[in-house]
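Participant: So that we are looking at the same thing, I have put the structure below in C-alpha cells.
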Amino acid sequence: MTDGARLATRPGVAPREAATHCPYCALQCGMVLREARGRIEVLPREFPTNRGGLCQKGWTAAELLDHPERLTTPLLRDPATGELRPASWDAALDRVAAGIRTVQGGHGRDAVAVFGGGGLTNEKAYALGKFARVALRTRHIDYNGRWCMSSAAAAGIRSLGVDRGLPFPLADLGRAETLLLVGANPAETMPPLMRHLADQRERGGRLIVIDPRVTATARQADLHLQPLPGTDLAVANALLHIALTEGFIDRDYVAARTDGFDAVRRTVAGCWPAEVERLSGVPVADLEATARALGTAGSAIILTARGAEQHAKGVDTVTAFINLALALGLPGRPGSGYGCLTGQGNGQGGREHGQKADQLPGYRRIDDPAAREHVARVWGVPADDLPGPGVPAYRLLDSLGTPDGPRALLVFGSNPVVSAPRAARIESRLRDLDLLVVADFLRSETAELADVVLPVAQWAEEDGTMTNLEGRVLRRRALREPPPGVRTDLAVLADLATRLAAPVEFPTDPRTVFAELRRASAGGPADYAGVTWERIDADTGVFWPCPDPAGPDSPRLFADRFPTPDGRARFHPVTHRPAAEEVSVDYPLHLTTGRVLAQYQSGTQTRRVGALRRAAPGAFVELHPDLAARLGVADGDEVRVVSRRGELRAPARVTPTIRPDTVFAPFHWAGAARANSVTNDAVDPVSGMPEFKICAVRVERVES
Ligand SMILES: Nc1nc2c(c(=O)[nH]1)N[C@H]1C(S)=C(S)[C@@H](COP(=O)(O)OP(=O)(O)OC[C@H]3O[C@@H](n4cnc5c(=O)[nH]c(N)nc54)[C@H](O)[C@@H]3O)O[C@H]1N2
Ligand SMILES: Nc1nc2c(c(=O)[nH]1)N[C@H]1C(S)=C(S)[C@@H](COP(=O)(O)OP(=O)(O)OC[C@H]3O[C@@H](n4cnc5c(=O)[nH]c(N)nc54)[C@H](O)[C@@H]3O)O[C@H]1N2
Ligand code: SF4
Ligand SMILES: [Mo]
C-alpha cells in the first residue's frame with residue numbers, strides 16, 4: 001500500500017493527515033497535510049513529479065484555509081447601496097435562479113454563459129460542463145484554459161492526433177541527451193521540475209533554452225537563444241532547414257510514420273538561417289548548434305510552454321516545433337519526443353471533460369453526432385437537447401452584455417478582471433451584465449464586480465481527482481470538512497440545478513461524479529473508463545487513456561502508432577508572420593508578460609499569503625540598461641508602459657537579462673499595475689489563444 005492510501009483522511013483522529021497534492025500548478029507536487037492543535041503543516045511528499053520537493057507556493061498553500069479574508073457566507077449586491085452584503089444561501093441561490101430565469105426567459109437559453117477554470121478537479125469540470133448543457137442548456141461555456149493550453153492542444157490534435165501535454169512521464173526529461181525548452185521558465189514556474197533537469201545534466205545531457213530573457217532557467221542552459229518575442233516559428237523552421245541540409249532527417253521514420261513531409265520540406269527550404277538571424281536576433285551559429293545538438297543526439301525532447309504558445313500564431317508555432325520533432329523521428333522513440341508543459345493544476349483534465357466550448361467529456365467533440373448520443377445517454381437526456389458548440393473564451397467575454405451576447409455569467413475558478421487580455425474592456429463587459437455570479441473562496445477582483453458571490457470549499461476540504469501535466473490522474477484528498485457556511489462547487493451546482501428544475505440529478509459526492517465521468521469518457525480520446533480511485537491510490541496515479549479497469553494505462557504514447565484515423569502523424573507547412581501588432585514610432589518597444597516564482601496567476605490566492613507577498617510584493621517592469629539610459633530611467637523609478645489599449649504603472653527593474661528592444665512585466669497584480677490593461681486581444685484563428693506574449697508599447701518615466 002502506498003502513502004496515499006495509508007494517509008487518506010481519518011476524520012476525528014488527531015492529528016489528522018492527508019496525502020494530497022499542491023493546489024496550484026500542473027506539476028501537482030505530492031504533499032502531506034497534517035493538522036494538529038488547529039495548525040496545518042505542509043510536508044513535502046515523494047512523488048514522481050516533485051521527488052520530494054516543493055516550491056514556496058506549495059509550502060505556504062495551507063495558509064489560505066483559515067485566512068481572515070476567506071469567504072464564509074454568500075454575498076448579495078444591495079441594490080440600494082451598491083455594496084456586497086452577507087446573505088443566506090437560500091437568498092443567494094434564489095437570486096441566481098431567478099436571475100437566470102429572467103434572462104433566459106427574455107433572451108433565450110444562450111443568454112446565460114459559464115466560465116470555468118483549469119484549477120477545478122475533474123469532477124467539478126465535468127459537472128460544470130454538464131450543468132451548462134443540461135441545466136442551463138446554453139452553448140456558452142468556456143474556461144481560462146483557453147488562455148493557457150489551447151494553442152498546444154490544437155496543434156497536438158492536428159499533427160499527432162491527441163492533446164496530452166506530455167506524452168511521456170516527466171522523468172523521461174532526465175534521460176534526454178538533448179532537451180530544448182521553448183518559452184518555458186520552469187525554474188520559476190515549476191521549480192521542483194528542475195530536479196529532472198539536474199538529472200539530465202548529471203548524465204551529460206545538453207539543455208538549450210529559447211527565451212527573450214536570461215531567466216533562472218536560461219542561466220542553467222548550455223546554450224541560450226534569446227530571440228525577439230514572436231519569432232519562434234521562424235526559429236523552428238530555420239532549425240529544420242539546417243537539419244535538412246546537414247542530413248539529420250530520420251527518413252525511415254518519416255516514411256513509415258508520417259504524412260506530408262514534402263510540403264514542409266519545400267517550405268523550410270526557403271527559411272534561410274541568415275534571414276532568421278536578422279528577424280529573431282539569434283545568431284546563425286546558435287541555430288546551427290541547436291540543430292546539431294538535436295540532430296545528433298541519441299535521444300532528444302522538445303518542450304514548448306506559454307512563451308511560444310501565447311501568440312496569435314501560437315498553433316502554427318507549436319506546429320513548427322512538432323514538424324521538427326517528427327522530421328528528427330522523436331515522438332514515440334524512448335527518451336524522446338515533443339511535449340507541452342501544461343500550466344494549471346488541472347489544466348489537462350480541465351480540458352477533457354467538457355468545459356471547452358466545443359467539447360464533451362472524454363475529449364469528444366460536441367458537433368460529433370455519435371459523441372452527443374453517447375454522452376446524452378449517460379446524462380439521461382435526449383441528444384437533440386444538447387446545445388451545439390459555443391465560442392472561445394475571449395470572444396465569449398467580449399460579447400457579454402452586448403446585444404448579441406450573453407446577459408448573465410457564472411464564473412467558477414477564474415479571475416478574468418486580472419487575467420484576460422485587454423482587461424479593461426472585459427471588465428466593462430462584466431459591468432454590463434444583468435447578472436454576474438462568482439463562486440470563489442476569496443474576494444477576487446472579479447468577485448468584487450459580482451451581483452452574487454458564492455463561498456466555496458478549498459482544495460483541502462474536498463476529495464477529487466486532478467490530471468497533471470503528464471496526463472497522470474491523481475487523487476486530491478480532503479483533510480477536513482469545509483468551514484461552516486461554505487459549500488462545495490458540486491453542491492452549489494446541484495442546488496442550482498434543483499432550483500432550475502433540471503431534468504436530471506447532479507450528484508454532490510465526488511466519487512459518484514467520477515464514476516459517471518468514467519462512463520461519459522468511455523470510448524473517447526481521453527478515456528478514463530479504467531481509472532478508479534482505488535487504482536490511483538494503489539500506485540502513483542493512472543495515465544489516460546485507460547479504457548479497461550483490468551488493462552494497462554498509457555504512460556507513453558505513440559510507440560507504434562499515432563491516435564489519428566490511419567495511425568500516422570501529419571506534417572503541416574507553416575510560415576512565419578509578424579506579431580498582430582508591430583512596433584511603430586509611437587509604440588517602439590515590445591512588451592512581453594509572464595510569471596514570477598512567488599505569485600500564482602491573477603494573484604487572488606498568493607497575494608494574500610504573507611511570505612509570498614514579502615517575496616514578490618508588487619509588479620515591476622524589466623528594462624535593459626541601454627534602454628533605461630535612453631529613457632532616463634533609473635532602477636526603481638516608477639514607469640508607465642503604454643499601449644494602444646491602456647497603461648500599467650510599476651517600478652522599473654533595470655537588468656541586462658532582457659533584450660534592449662523588449663520589456664517584461666508579470667501579470668499577477670491588479671489595479672494600476674495590471675499588465676493586461678496593456679496586452680493585445682488579438683487571438684489565434686484556430687485556438688482562440690490571445691497574444692499575451694507580445695504587443696507594441698512605449699515606456700515613460702512617471703515624474704514624481
Ligand atoms: N510561479 C508561478 N508558477 C506557475 C504559474 C504562476 O502563475 N506562477 N502558473 C502556472 C500556469 S497556469 C502556467 S500556464 C505555467 C506557465 O509557465 P511558463 O510558460 O514557464 O511561464 P511564463 O512566465 O508565462 O512564460 C515563460 C517564458 O516565456 C518567455 N517568453 C515571452 N515571450 C516569448 C516568446 O515570444 N518566445 C519565447 N520563446 N519565449 C517567450 C518569458 O520570458 C518567460 O520566461 O506556469 C504554471 N506555474
Ligand atoms: N498578460 C498575461 N495574462 C495571462 C497570462 C500571461 O502569461 N500573461 N497567462 C494566462 C494563463 S496561462 C492562465 S492559466 C490564466 C489564469 O488566470 P485566472 O483564470 O484568473 O486564474 P487564477 O488566478 O488561478 O484564478 C482562479 C480563481 O478561482 C479561484 N479558485 C481556485 N480554485 C477554485 C475552485 O476549486 N473552485 C472555485 N469556484 N474557485 C476556485 C481562485 O481563488 C481565483 O480567484 O491567466 C492568463 N493571463
Ligand atoms: S511547483 Fe507547482 S505544484 Fe509544486 S509546490 Fe510549486 S506551485 Fe505547487
Ligand atoms: Mo496557464
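Participant: Express in whole angstrom the spacing between the alpha-carbon centres of region 21-39 and region 600-646.
Facilitator: Spelled out, the Cα-based centre of one part sits 30 Å from the other.
Participant: Still on this structure, please answer the following. All other residues with a Cβ under 11 Å from the Cβ of residue 373 taken together, and with Lys, Arg as +1 and Asp, Glu as -1, what is their net charge? Kindly include the intermediate steps, with their values, before the conclusion.
Facilitator: Working: positive: 364, 372, 377; negative: 368, 384.
Cβ neighbours under 11 Å give a net charge of +1.
Participant: Right, something else. Please report the spacing between the Cα centers of region 319-393 and region 206-263 in Å, no decimals.
Facilitator: 26
Participant: How large is the charge dipole for the chain, taken about the Cα centre, if only the Cβ atoms of Lys, Arg (+1) and Asp, Glu (-1) carry charge, to the nearest 20 debye?
Facilitator: Computed about the Cα centre, the dipole is about 520 debye.
Participant: Next question. Taking the alpha-carbon distance from residue 124 and a cut-off under 24 Å, which lysines remain once sequence neighbours fewer than 8 residues away in the same chain are dropped?
Facilitator: Filter leaves 57, 356.
Participant: So, one more: At 7 Å along the Cα-to-beta-carbon direction for both residue 171 and residue 56, put a label point, then send me their distance in nm to one decimal.
Facilitator: Taking the two extended label points, one gets 3.1 nm.
Participant: Let me ask you something else. Could you check the simple spin-label distance between residue 611 and residue 515, using points 7 Å along Cα→Cβ, in nm with one decimal?
Facilitator: For the pair residue 611/residue 515, the computed spacing is 4.0 nm.
Participant: Using θ = phi - 60° and the Karplus relation 6.51 cos²θ - 1.76 cosθ + 1.60, list the HN-Hα couplings for region 367-378 in order, rounded to whole Hz, with x at every Gly or Pro.
Facilitator: 9, 9, x, 5, 5, 4, 4, 4, 5, 4, 5, 4
Participant: Quick one: what are the phi-derived ³J(HN,Hα) couplings along region 297-308, Karplus 6.51/-1.76/1.60 with θ = phi - 60°, whole Hz, x for glycine and proline?
Facilitator: Once rounded to whole Hz, the list reads 6, x, 8, 8, 10, 10, 10, 10, 9, 4, x, 8.
Participant: Net charge within 9 Å of residue 490 by Cβ-Cβ distance, Lys/Arg positive one each and Asp/Glu negative one each, not counting residue 490 itself?
Facilitator: -2
Participant: Counting only other residues whose beta carbon sits under 15 Å from that of residue 175, what net charge do I get with K and R as +1, D and E as -1?
Facilitator: So the environment of residue 175 carries a net charge of +2.
Participant: Here's another thing I want to ask about it. List every residue whose amide H lies under 5 Å from the amide H of residue 658, counting only residues 5 or more places away in sequence or on a different chain, with H placed 1.01 Å from N in the peptide plane.
Facilitator: Distant-sequence amide H within range of residue 658: 214.
Participant: Still on this model: Any idea what the relative contact order of region 284-337 is, in percent, if you count C-alpha pairs under 8 Å spaced at least 6 apart? Walk me through the intermediate numbers first.
Facilitator: Values: 31 pairs, mean separation 22.4, N = 54.
RCO, region 284-337: 41 percent.
Participant: Would you please give the residues with an amide H less than 5 Å from that of residue 594, counting only those at least 5 places away or on a separate chain, with H modeled from the backbone geometry?
Facilitator: 665, 667
Participant: Taking 7 Å along the Cα-to-C-beta vector as the label spot, tell me the residue 582-residue 69 distance in nanometres, rounded to one decimal.
Facilitator: Each label point lies 7 Å from its Cα, and together they span 4.3 nm.
Participant: Once phi is turned into ³J(HN,Hα) by the Karplus curve 6.51 cos²θ - 1.76 cosθ + 1.60 with θ = phi - 60°, what whole-Hz value does each residue of region 608-619 show in order, with x for glycine and proline?
Facilitator: Calculated HN-Hα couplings, in order: 9, 9, x, 5, 6, 5, 5, 6, 9, x, x, 5 Hz.
Participant: Express the relative contact order of the chain as a whole percentage, based on alpha carbon pairs under 8 Å and six or more residues apart in sequence.
Facilitator: Once divided by the residue count of the chain, the mean separation gives 19 percent.
Participant: Using 0.36 nm times the number of residues separating residue 202 and residue 568, minus their current alpha carbon distance, what extension gain do you get?
Facilitator: Values: separation 366, 0.36 × 366 = 131.76 nm, distance 3.50 nm.
In short, 128.3 nm is gained.
Participant: Please identify the trypsin sites (Lys or Arg not before Pro) of region 634-704 that satisfy two criteria: DSSP loop assignment and at most 15 other Cβ atoms within 10 Å. Which are they?
Facilitator: Counting only loop positions with at most 15 other Cβ atoms within 10 Å, the trypsin sites (Lys or Arg not before Pro) in region 634-704 are 644.
Participant: Something else about it: To the nearest 500 deg cm²/dmol, what mean residue ellipticity at 222 nm is calculated for the chain from DSSP H runs of n ≥ 4 alone, each contributing -39,500 (n - 2.57), summed and divided by the residues?
Facilitator: -8000 deg cm²/dmol
Participant: Quick one: dipole size for region 616-704, taken about the Cα centre, charges +1 on Lys/Arg Cβ and -1 on Asp/Glu Cβ, in debye to the nearest 20.
Facilitator: Dipole about the Cα centre, nearest 20: 100 debye.
Participant: Also, I was wondering about something else. How high is the relative contact order of region 589-701, in percent, counting Cα pairs under 8 Å that sit 6 or more residues apart?
Facilitator: The normalised contact order for region 589-701 reaches 37 percent.
All of the numbers you see were taken from the coordinates with simple rules; none came from a lab. Since the model is a prediction, treat every value here as computed from it, not as a measurement. Heads up, the Cβs are rebuilt from the backbone with ideal geometry, glycines too, and the neighbour counts pull from every protein chain shown.
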